[in-house]
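Each remark here refers to the structure printed beneath this line.
The values are calculated or read from the model by the stated rules, or taken from the named source; none is laboratory data. What you are looking at is a predicted structure, and each value in this text was computed from that prediction instead of being measured. In this analysis, Cβ positions are derived from the backbone assuming ideal geometry, glycine residues included, and neighbour counts consider all displayed protein chains. Side chains are part of the model used for accessible areas, which takes the heavy atoms of the whole protein and leaves out ligands, DNA and RNA. Shrake-Rupley method; radii C 1.70, N 1.55, O 1.52, S 1.80 Å.
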Amino acid sequence: MSGKDRFINVTTRGNYALVSIRREPVNSMNLEMWEQLLETLTSLENDKKVRGVVFHSGLSRPVFTAGNDLQELYAPATSRERYEKFWKVSNTFLARLSNSPLVTVAAIKGACPAGGTCMSIACDYRVITTDGTMGLNEVALGISVPPKWIKLMASVIGQGKTDKLTQFAKMVKAKEALAIGLVDEVVQDEKELLERAETVMQGLLMLPDPGRQLTKNSLRGALAKEWADERWLNSEAETAWKMLSLPSTIKALEGVFARLSKAKM
Amino acid sequence: MSGKDRFINVTTRGNYALVSIRREPVNSMNLEMWEQLLETLTSLENDKKVRGVVFHSGLSRPVFTAGNDLQELYAPATSRERYEKFWKVSNTFLARLSNSPLVTVAAIKGACPAGGTCMSIACDYRVITTDGTMGLNEVALGISVPPKWIKLMASVIGQGKTDKLTQFAKMVKAKEALAIGLVDEVVQDEKELLERAETVMQGLLMLPDPGRQLTKNSLRGALAKEWADERWLNSEAETAWKMLSLPSTIKALEGVFARLSKAKM
Amino acid sequence: MSGKDRFINVTTRGNYALVSIRREPVNSMNLEMWEQLLETLTSLENDKKVRGVVFHSGLSRPVFTAGNDLQELYAPATSRERYEKFWKVSNTFLARLSNSPLVTVAAIKGACPAGGTCMSIACDYRVITTDGTMGLNEVALGISVPPKWIKLMASVIGQGKTDKLTQFAKMVKAKEALAIGLVDEVVQDEKELLERAETVMQGLLMLPDPGRQLTKNSLRGALAKEWADERWLNSEAETAWKMLSLPSTIKALEGVFARLSKAKM
């Protein structure tokens, strides 16, 4: 996979942008995708004409994203250096997104586990299709949920529900996601999905920016700041790499690869 | 408006007090009202016979309070000095109320936006009439929600719901306020309102004070302390004044004045 | 009561343990019981074969535990020295339990007030019988709820509901406990109780330990650490002893003794 592949496509619609994510077959998030997401966010935040952004999947399959590319987490397939970069870029993007001055909406088509869920809950508003699923299910793969992803989820649905979903690696369907506050709206299909996401965006853009941005910063600034902190990023990258280098973790991921490869046959 | 106007009227009922708030036409909260609320709270807390307080509106209109008097927030109508005093007195009162050793009940008649909501959720218990509405809707006026008001709301209904209500300037009706935990009880009308508030008060006063007060302090002491902190009050007053002095904020408030004046015609 | 009485009985079931608690008549938790709970937890955590623990009541009565033995809180019946030890051992156990590397399940039969509730909500999962009740109702006895017990409850059901339950000394029945997230499951009777607790345990033990343990530590490590902090334990023991030594607290507890003794007749 060349670093020049483009996974992100931006369309502007007056005062907001549509960002489509497409990396076949299931939008698994590798280093290059996170880098492009970070560049895209930075460039939209610097564009005076843009006040909001809607993220959606450009795949034909019903998948928002399958979360982190497991090749980036499987120690034998990567290196400590690459993993550290991967960790920093992905968490820097997510921290920045969680407190972006832009209005942010996630239009979630279908499956949205792990990294897809974290990216969605970092947005201000979430619409999901009725066949969608969400959760931070890392524990089922034998790995841990990144600490700030847990804090972000707790800020959205509360610590008690986050404890159950993460410790027990539970995925929830669209209807339950709505009931527990993990999403804000459920729609029937993909067509309705973007329509609703854009209608919501247009409504939110009726509110003046300065008061809303200060308010958002009061709500989200503290977590975003500790999340993007350089020292924390370094120490957590080390903790995570140790866990990924455990023989038991490598074996657990190999079990996942075997199940995925069987499922394809 | 003279500083000698009395907006607060106190009646004692055995071991608790009824505090009625009346500043026609809609109890908008100016500096003098906040000063009188602070004096009233201090004097009730120092009165050995008083163990609880019920706040209610003395207006004939169905309004608890309309929140802060916009004249205090409209930079051309006030001064930096007056605004700083306004900020400090109002936030000191709210911080103190949120962890008062007294049992505190809000009897909410009708509309209760912004400052009215903050004052109500600083109390231990809230009863609202069925026509009532609540919310921290400052963003709709083009201004920000004060940071500790957000923290207080998050401590009552959770961070996730607070994010939606404040960022999107959403007001909720009595029934929804009950469903999300923003109030504890909904009653039909004003007559029932005070009856229920007093019945609840009498029930709570059956519990011995020392254990309840220590428990309340464990629940609310940390926020009350950082909220009333002198250095924080000063730095936040400065941030808020900058926002209020922005031409875009002044223009947004002028838009509000125009809408209000049209609505009266 | 001799220090050699055994209140705790451990049975191992493959990779997890059943811990039965029995101190007639109602499992009131005295110093010796907390000591034995702490020893038991330590020894299970050190046993490489054990990955989980189910706590349940060994009484014939429908009581998980009645909470702290009031003799340990009634100043005339104890001493400052004994109380300090009692405070430290009980809170050290609860803090350790709340972030144990083991999977922890509470099988709650019947009444489960105060200390019983705290111990249960320190576990990862709770099943309760339909006649069960829970709450941190200390305020009704004229004493305060320990600060970290409040924080723990807030981490499970949110700060808003915790405020109501603790300040107002409210006990909730099984069905309401389920609705507010204080328990995860309600069963008909004692037989079903252990069956379900063990089925849940077996399901949770399908997940690999390292990722789950790191995730649990992200969820619960910060509270467990401040809770077990030596300096905090000392200063809080002092605050609590002062409250227990107040004539009004002693009188309130004597009122409780009188009611309990009447209830037995």
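Structure values in brief
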| item | result |
| --- | --- |
| Net charge dipole size for the protein assembly as shown [Lys, Arg +1 and Asp, Glu -1 on Cβ; Debye, nearest 20] | 300 debye |
| Degrees, to the nearest 10: C:230-245 long Cα axis against longest axis of chain C | 40 degrees |
| Bins of 10 Å from zero: percent of alpha-carbon pairs in the range A:106-180 | 21, 61, 18, 0 |
| Degrees between helix A:80-98 axis and first principal axis of chain A (Cα, 0 to 90, nearest 10) | 20 degrees |
| Angle in degrees between helix B:247-264 and the longest Cα principal axis of chain B, rounded to the nearest 10 | 70 degrees |
| Accessible solvent surface per residue of the range C:3-264, calculated while the other protein chains remain in place, 1.4 angstrom probe, Å² | 40 Å² |
| Within the range C:3-24: backbone nitrogen closer than 13 Å to the C:D189 label point (7 Å, Cα to C-beta) | none |
| Sites matching trypsin sites (Lys or Arg not before Pro) across the range A:21-124 that sit in DSSP coil, with at most 12 neighbouring C-beta atoms within 10 Å | A:K48, A:K49 |
| Distance histogram for the protein assembly as shown (every C-alpha pair counted, 20 angstrom bins, percent rounded to whole numbers) | 15, 45, 34, 6, 0 |
| Candidate residues B:W34, A:W232: accessible-area rank, largest first, probe 1.4 Å | A:W232, B:W34 |
| 222 nm mean residue ellipticity, helices alone, for chain B (DSSP H n ≥ 4; -39,500 (n - 2.57); rounded to 500) | -16500 deg cm²/dmol |
| Area accessible to solvent at C:D131, 1.4 Å probe radius, in Å² | 90 Å² |
| Solvent-accessible area buried by pairing B with C, both sides, nearest 100 square angstrom, 1.4 angstrom probe | 1600 Å² |
| Whole-number D in µm² s⁻¹ for the range B:1-156, Kirkwood Cα-pair radius fed into Stokes-Einstein, 20 °C, 1.002 mPa s | 136 µm²/s |
| Within the accessible area of chain A (1.4 Å probe), percent carbon and sulfur | 54 percent |
| Whichever aspartates and glutamates have a C-alpha closer than 13 Å to that of B:K85, once near sequence neighbours (fewer than 8 apart) are set aside | B:E32, B:E35, B:E72, B:E230, B:E236, B:E238 |
| For C:159-172, mean number of other protein chain Cβ atoms within 10 Å | 6 |
| Euclidean distance of C-alpha centroids, the range B:191-248 and the range A:29-61, integer Å | 41 Å |
| Partner lysines for B:K49 [C-alpha distance under 30 Å; skip if fewer than 8 residues away on the same chain] | B:K4, B:K88, B:K109, B:K191, B:K216, B:K225, C:K161, C:K164, C:K170, C:K242, C:K251 |
| Label-point separation, C:K170 to C:L246 (7 Å along Cα→Cβ), nm | 2.3 nm |
| Hz values of 3J(HN,Hα) by residue in the range B:170-180 - Karplus curve (6.51, -1.76, 1.60), Gly and Pro given as x | 8, 9, 10, 7, 3, 4, 6, 4, 5, 4, 9 |
| Most mobile listed residue (B:N137, B:N27, B:N15) in chain B, GNM with C-alpha springs under 10 Å | B:N15 |
| Of C:L102, C:L178, C:L204, farthest towards positive along the dipole that unit charges on Lys, Arg, Asp, Glu beta carbons give chain C | C:L178 |
| Cα convex hull of the range A:75-233 - mean projected area over all directions, nm² | 10.0 nm² |
| Residue-wise HN-Hα coupling along the range B:185-201, computed from phi with Karplus coefficients 6.51, -1.76, 1.60 (Hz; x: Gly, Pro) | 7, 10, 10, 5, 8, 5, 4, 5, 4, 5, 4, 5, 4, 6, 5, 4, 4 |
| For chain A, alpha-carbon Rg over 2.2 N^0.38 Å | 0.96 |
| Estimated FRET transfer efficiency (B:K262, B:E24; beta-carbon r; R0 22 Å; 0.05) | 0.60 |
| Dipole of the range C:3-264 [Lys/Arg +1, Asp/Glu -1 at C-beta], most positive-end residue of C:L37, C:N91, C:L165 | C:L165 |
| Dipole magnitude (debye, nearest 20) for the range C:3-264, charges at Cβ of Lys, Arg, Asp, Glu | 200 debye |
